Structures are given as C-alpha cells and as structure tokens.
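Contents: one structure, followed by commentary.
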Amino acid sequence: MSIGKRFGRKIPLPPTMKIKLDLLEMAHADALVVQLKELGISRDEFFSAISRSMTEGDLSRHQAKMLTSRFA
C-alpha cells in the first residue's frame, strides 16, 4: 500500500485497483439482491441460502456479510 497524507497525517491507502474491484463487487451484490427481491425470495430463504453457500465454501464471510446487509 502506498502512504498518503490526509489532514497532515500519513495513512496507508489501498491501491486504485483494489478500490475498483471493491466497487465492482458491491455493484454485483446490489444487482443480485435486486434480482432476488424481484423473484419474491423471503428474508428467511435468503439467509438460509447464504449460510449454505458459506458452509459449502462458495462465499467468504465478507461476501456473505455484504449480501445480507444489502438484503435487509
């Protein structure tokens, strides 16, 4: 990570590519949640599907947390 100055203090800044990838990941999560809501998936069904995906290794904890925060 590069070191940048913010308000006179040096703090580590993530690379631009990391920021772009995070924004793409958030956009995909939003699109997925919108599609699932249009299908009429209930909250309980959504949370059970997310927990299954986590136990099977398809989703990381961070991805699951991002999806559940957007669905609620």
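Among the listed residues A64, A72, which satisfies the condition of being within 14 Å of the chain's Cα centre (by Cα), aliphatic (A, V, I, L, M) and surrounded by 12 or more Cβ atoms within 10 Å (Cβ to Cβ)? That would be A64, the only listed residue that is within 14 Å of the chain's Cα centre (by Cα), aliphatic (A, V, I, L, M) and surrounded by 12 or more Cβ atoms within 10 Å (Cβ to Cβ).
One residue is enough: does the range 35-42 have a residue meeting the conditions within 16 Å of the chain's Cα centre (by Cα) and surrounded by 10 or more Cβ atoms within 10 Å (Cβ to Cβ)? Within the range 35-42, one or more residues are within 16 Å of the chain's Cα centre (by Cα) and surrounded by 10 or more Cβ atoms within 10 Å (Cβ to Cβ).
Residue-by-condition table, conditions (1) within 21 Å of H62 (Cα to Cα); (2) of a type outside the set (V, I, T); (3) at pLDDT below 90:
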position	(1), (2), (3)
M1	yes, yes, yes
K10	no, yes, yes
M17	yes, yes, no
L21	yes, yes, no
L24	yes, yes, no
Q35	yes, yes, no
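Whenever a residue of the range 46-68 is among the acidic types (D, E), its partners that are open to solvent by 40 Å² or more (accessible area, probe 1.4 Å) and part of a helix (DSSP H, G or I), lying with C-beta atoms within less than 9 angstrom and at least six residues away or across chains, give the pairs D58/R52.
Here the condition is being over 18 Å from the mean Cα position of the chain (by Cα) and surrounded by 12 or more Cβ atoms within 10 Å (Cβ to Cβ); of L13, L21, L32, it holds for L13 alone.
The values are calculated or read from the model by the stated rules, or taken from the named source; none is laboratory data. Quick caveat, the model's predicted, so the values are computed rather than measured. Counting neighbours? That spans all protein chains shown, and the Cβs are built from the backbone with ideal geometry, glycine included. We work out accessible area using only protein heavy atoms, side chains counted, and drop any ligands, DNA or RNA first. Shrake-Rupley method; radii C 1.70, N 1.55, O 1.52, S 1.80 Å.
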